[in-house]
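*Asks:* Take a look at the following structure, please.
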Amino acid sequence: GRLREAVETRLAADLENLGLRLIEVSAGWTGELLLSDSRVRWSLDLPNRIEQSQNLARLTVSDPAGFERRLRLSFRCSRPRQVAVAGKRMPRGAPVSGWSFEERDDFDIQGTPLTPAELAGAVARRPIESGTTITRTNTRPAPLVRSGREVQVRLVRGAVTVTLRGIARGDGALGDLVSVRHIGDRSLRRYRVAGPGLVVPSYIQAEGDDS
């Protein structure tokens, strides 16, 4: 009926404003409401939290005589998102390549998809099969510090910044802890990766690191 069509159109529009897409309204309609005429007044309220399935929207319908009825409409929806998808199998340790952007349902994705900037230089943390969404779970960032390469060790004491040199004893991405052997006194200490070829004391949180 016209009421059902109007309500489902409104529901789809409200969900679209939230970045969601209506799949179906699976339950809640009754026969008499399906036959309701155009003179009824109605309002629709969405739940506070929306998931992929088993969502309940509250529909309030008033007829010309003032009789009011409340219904709960069960609906399913998706959260479409453009994500990078592997176009081939990548073994563990392989640079991420051969991917393309596809629309996937964010509700079905395990982990946080990589952004275009994060894809550059990313490495497979474990084997990634063709058709798999590329996420922070199945990849690791590109190393900013390489084992055996020279790094700058930045130390800050109040208003004074001192930069030393050292040799990294392992690869490290942003925020990772790596061992560095100082050039000069040959001491070995742990530092946090703060940028390309740059490490800082381990107690400092690297900018952009969420760990």
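A short reminder: the numbers here are calculations on the coordinates, not readings from a lab. Quick caveat, the model's predicted, so the values are computed rather than measured. Note that we place each Cβ from the backbone using ideal geometry, even for glycine, and neighbour counts take in every protein chain shown.
*Asks:* Can you tell me the 0 to 90 degree angle between the C-alpha axis of helix 2-17 and the longest principal axis of the chain, rounded to 10?
*Replies:* Rounded to the nearest ten degrees, it is 10.
*Asks:* Continuing with this model, one more query. How many Å³ per residue does the convex hull of the Cα positions in the chain occupy?
*Replies:* Each residue corresponds to 165 Å³ of Cα convex hull volume.
*Asks:* If you wrap a convex hull around the Cα atoms of segment 2-107, how much volume per residue is inside, in Å³?
*Replies:* 123 Å³
*Asks:* Then there is this: Could you tell me whether segment 143-187 comes out rounded, prolate or oblate from its Cα gyration tensor? Rule is a ≥ b ≥ c as square roots of the eigenvalues, rounded for a/c under 1.5, then prolate if a/b exceeds b/c, otherwise oblate.
*Replies:* Because a/c hits 1.5 or more and a/b fails to exceed b/c, segment 143-187 counts as oblate.
*Asks:* For the chain, build the charge dipole from Cβ charges (+1 Lys, Arg; -1 Asp, Glu) around the Cα centre, then report which of LEU59, ILE183, GLY170 sits farthest towards its positive end.
*Replies:* ILE183
*Asks:* Under 5 Å between amide hydrogens, which residues at least 5 positions from TRP99 or on another chain qualify, with H placed 1.01 Å from N in the peptide plane?
*Replies:* Placed amide hydrogens put GLY87 under 5 Å from TRP99.
*Asks:* Where does segment 43-103 land on Rg(C-alpha)/(2.2 N^0.38 Å)?
*Replies:* 2.08
*Asks:* Sticking with this one: Can you tell me the Rg and Dmax of segment 64-147, counting just the alpha carbons, in angstroms?
*Replies:* Using the Cα atoms of segment 64-147, the pair Rg, Dmax is 19.9, 79 Å.
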